[in-house]
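Below is one structure, written out as structure tokens; comments come after it.
Read the figures in this text as sums done on the coordinates, not as results from a lab. Since we're looking at a predicted model, the values are computed, not measured. Cβ coordinates were reconstructed from backbone atoms using ideal geometry, including for glycine residues, and neighbour counts include every protein chain displayed.
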């Protein structure tokens, strides 16, 4: 009986060790938050941020995790140097005062071993609002070039720019902003 108890305890300890959370560092060369909005009814304008950092902690066994992302708002890329400067101005991102946007999770939802949504606080221009990211794809596996574990995901959300004190020209220029975040991260 004592041997069974010791084996059971040993199995429980080794299973707990296998289920420990793992930390992944965001790969800034493969992570680009994008945003799009309606421009005066003519077109959907699409832009992105070129500098992103952060980390993802995930424990698929326990169905828990966390996400922390920092975006350099001065890295906004609209495709036009003049418009990059316009978007960085006080009416919009105000990068002179707020050079960083952040997203910090408050809850990570799973379906099986796949992350399906991440709720958290998005902070832009000094204003924090709850945002729910819908994860449209999620995959963790061995990275064939780096030979270590990596995770990737695509997520979407909709926010109102006026909620973040960036509502100038609304509704002529759409207040609804579609966010698309493609992220890759490698195990720490």
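Modelled label-to-label distance, residue 55 and residue 30, 7 Å Cα→beta-carbon offset: nm?
1.9 nm
Over the Cα atoms of the stretch 20-187, what is the Rg over Rh ratio if Rh follows Kirkwood?
Values: Rg = 16.4 Å, Rh = 16.6 Å.
That ratio equals 0.99.
Compute the relative contact order of the chain as a whole-number percentage, counting only Cα pairs closer than 8 Å that sit 6 or more residues apart in sequence.
On the way: 424 pairs, mean separation 42.3, N = 188.
It rounds to 22 percent for the chain.
Based on the mean of other beta carbon atoms within 10 Å per residue, what is the order of 146-152, 121-127, most packed first? It would help to have the intermediate numbers written out before the result.
Working: 146-152: 15.0, 121-127: 16.9.
Packing order, densest peptide first, comes out as 121-127, 146-152.
What distance in nm separates the simple spin-label points at residue 169 and residue 129, each placed 7 Å from Cα in the Cβ direction?
1.8 nm
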